[in-house]
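In what follows, a structure is listed as structure tokens, so that the remarks can point back to it.
The values are calculated or read from the model by the stated rules, or taken from the named source; none is laboratory data. This structure is a prediction, so every number in the text was calculated from the model and none was measured. Heads up, the Cβs are rebuilt from the backbone with ideal geometry, glycines too, and the neighbour counts pull from every protein chain shown. For the accessible areas, the whole protein counts, side chains as well, though only heavy atoms, and no ligand, DNA or RNA atoms are used. Shrake-Rupley method; radii C 1.70, N 1.55, O 1.52, S 1.80 Å.
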Amino acid sequence: MPALTIRQLRKRYPNGVEALRGIDLNVERGDFYALLGPNGAGKTTTIGVVSSLVTKSGGDVEVFGHSIDTDRELAKSEIGLVPQEINLNLFEKIETIVVNQGGYYGLPRALAKQRAEKYLKELKLWDRRRDIARNLSGGMKRRLMIARALVHEPRLLILDEPTAGVDIEIRRTMWDFLREINERGTTIILTTHYLEEAETLCRHVGIIDAGTIVIDAPMKDVLRRLQRETFVLNPREPLSTVPVIDGYELELRKDGDMEISIDKSSSLNGIFDRLSAHGIDIVSMRPKSNRLEELFIDLVENRQSARNAEALS
């Protein structure tokens, strides 16, 4: 049984905006799934419907086989939600916030306190448990929201932009924790604008644009769709010009490195020898940007161009 099944999900707001246009989605249990899309694409509306915070206009949603229409309480009990906006009671103590959340799900207080200790320790907040939430940094508040979402140990954790505004060190610490709980069996759905996050963490990806799912596939298959890749080559000595070499697009960067763009079916074999023949010794190479970001931009731009052309015809 999948963790999440969505069939022909639709949402039209009273102002006439059609946020979801009959989307279908399947998230297998144990998966780490990225739901991506530009602002206004329908990601947060989808999450809102699944978590029963938004009323759908049509379609069906099941969480581990429980319909949100006929088994709403059971469906909600399977979900832990970390929303995009920080919605903590900032004047409550950290431990109290997590323990009280357990009470909302019927956990005995002793068990809620035990779970709170477990997750606050795992998220490196236990030493601050007696502080009030307003005294935490932005990254700590995000981690507290994750602990709160996990206290009833849901089988599906939904994270809506969980690392927004968090510095890279804390972000990577959160990545390690999310990998760990996913390996323990928790299914995770992640929305993020840090596309490196999706490429690093997720095994499947769905891309939503204008209320429609346009890609739903394994991450490795999605990344194969890229037509070109760009690498940064670091020469032993900074360059002032780049040579012209047939079959390769070379561009000089301000820092003296160079970029090389190649078709994904091409090979970099031979370029280093040809650069060496021009007196350029390359000491390292790295991708210019994460590949998923390139794909996402190309996909959205192509769909926008198609919509513009349709509007003009």
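Identify the residue in the stretch 145-188 that is among the acidic types (Asp, Glu) and at pLDDT below 95 and, among all such residues, is most open to solvent (accessible area, probe 1.4 Å).
By that ranking, first place goes to Glu169.
Here are some conditions: (1) without any contact (Cβ under 8 Å) to a residue 40 or more places away in the chain; (2) crowded, with 18+ Cβ neighbours inside 10 Å. Lys220 meets all but one. Which one does it not meet?
With (1) without any contact (Cβ under 8 Å) to a residue 40 or more places away in the chain; (2) crowded, with 18+ Cβ neighbours inside 10 Å applied to Lys220, the lone miss is (2).
Tell me the residue from Ser313, Ser305, Ser289 that is at pLDDT below 75, within 30 Å of Gly211 (Cβ to Cβ) and over 34 Å from the mean Cα position of the chain (by Cα), please.
Ser313
Take the stretch 230-288 and flag every residue that is among the polar types (S, T, N, Q), within 26 Å of Glu199 (Cβ to Cβ) and surrounded by 10 or more Cβ atoms within 10 Å (Cβ to Cβ).
Within the stretch 230-288, Thr230, Asn234, Ser261, Ser266, Ser284 qualify.
Among the residues of the stretch 208-223, write down those that are in contact with a strand residue (DSSP E or B) (Cβ under 8 Å, 6 or more places away or on another chain) and assigned to a strand (DSSP E or B).
Ile208, Thr212, Ile213, Val214, Ile215, Asp216, Ala217, Pro218
Quickly run through the stretch 126-136 and pick out the residues that are surrounded by fewer than 16 Cβ atoms within 10 Å (Cβ to Cβ) and touching a residue at least 24 places away in the same chain (Cβ under 8 Å).
The answer is Arg130, Asp131, Arg134.
Going by the structure shown, is Leu111 part of a helix (DSSP H, G or I) and more than 30 Å from Ile6 (Cα to Cα)?
Answer is yes for this residue.
On the given criteria, is Leu226 assigned to a loop (DSSP other than H, G, I, E, B), in contact with a helix residue (DSSP H, G or I) (Cβ under 6 Å, 6 or more places away or on another chain) and open to solvent by less than 50 Å² (accessible area, probe 1.4 Å)?
Answer is yes for this residue.
Quickly run through the stretch 197-217 and pick out the residues that are crowded, with 16+ Cβ neighbours inside 10 Å and among the charged types (D, E, K, R).
Result: Glu197, Glu199, Asp209, Asp216.
Residues checked against (1) surrounded by 14 or more Cβ atoms within 10 Å (Cβ to Cβ); (2) closer than 20 Å to Asp216 by Cβ:
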{"position": "Leu9", "(1), (2)": "yes, yes"}
{"position": "Pro14", "(1), (2)": "no, no"}
{"position": "Leu25", "(1), (2)": "yes, yes"}
{"position": "Lys56", "(1), (2)": "yes, yes"}
{"position": "Ala75", "(1), (2)": "yes, no"}
{"position": "Pro83", "(1), (2)": "yes, no"}
{"position": "Tyr105", "(1), (2)": "yes, no"}
{"position": "Gln114", "(1), (2)": "yes, no"}
{"position": "Glu117", "(1), (2)": "yes, no"}
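Quick one: is Thr5 surrounded by 14 or more Cβ atoms within 10 Å (Cβ to Cβ) and closer than 26 Å to Glu196 by Cβ?
no
Exactly one of (1) touching a residue at least 60 places away in the same chain (Cβ under 8 Å); (2) surrounded by 17 or more Cβ atoms within 10 Å (Cβ to Cβ) is unmet by Leu123. Its number?
(1)
Taking the conditions exactly as written (under 17 Å from the mean Cα position of the chain (by Cα), more than 24 Å from Leu299 (Cβ to Cβ) and open to solvent by less than 70 Å² (accessible area, probe 1.4 Å)), does Pro38 satisfy them or not?
When the stated conditions are applied, Pro38 does not pass them.
Being at pLDDT 95 or above, small (Gly, Ala, Ser) and over 21 Å from the mean Cα position of the chain (by Cα): is that true of Gly80 here?
no
Name the residue, out of Ile68, Ile132, that is of a type outside the set (Gly, Ala, Ser) and in contact with a Phe, Trp or Tyr (Cβ under 6 Å, 6 or more places away or on another chain).
Exactly one of Ile68, Ile132 is of a type outside the set (Gly, Ala, Ser) and in contact with a Phe, Trp or Tyr (Cβ under 6 Å, 6 or more places away or on another chain), namely Ile132.
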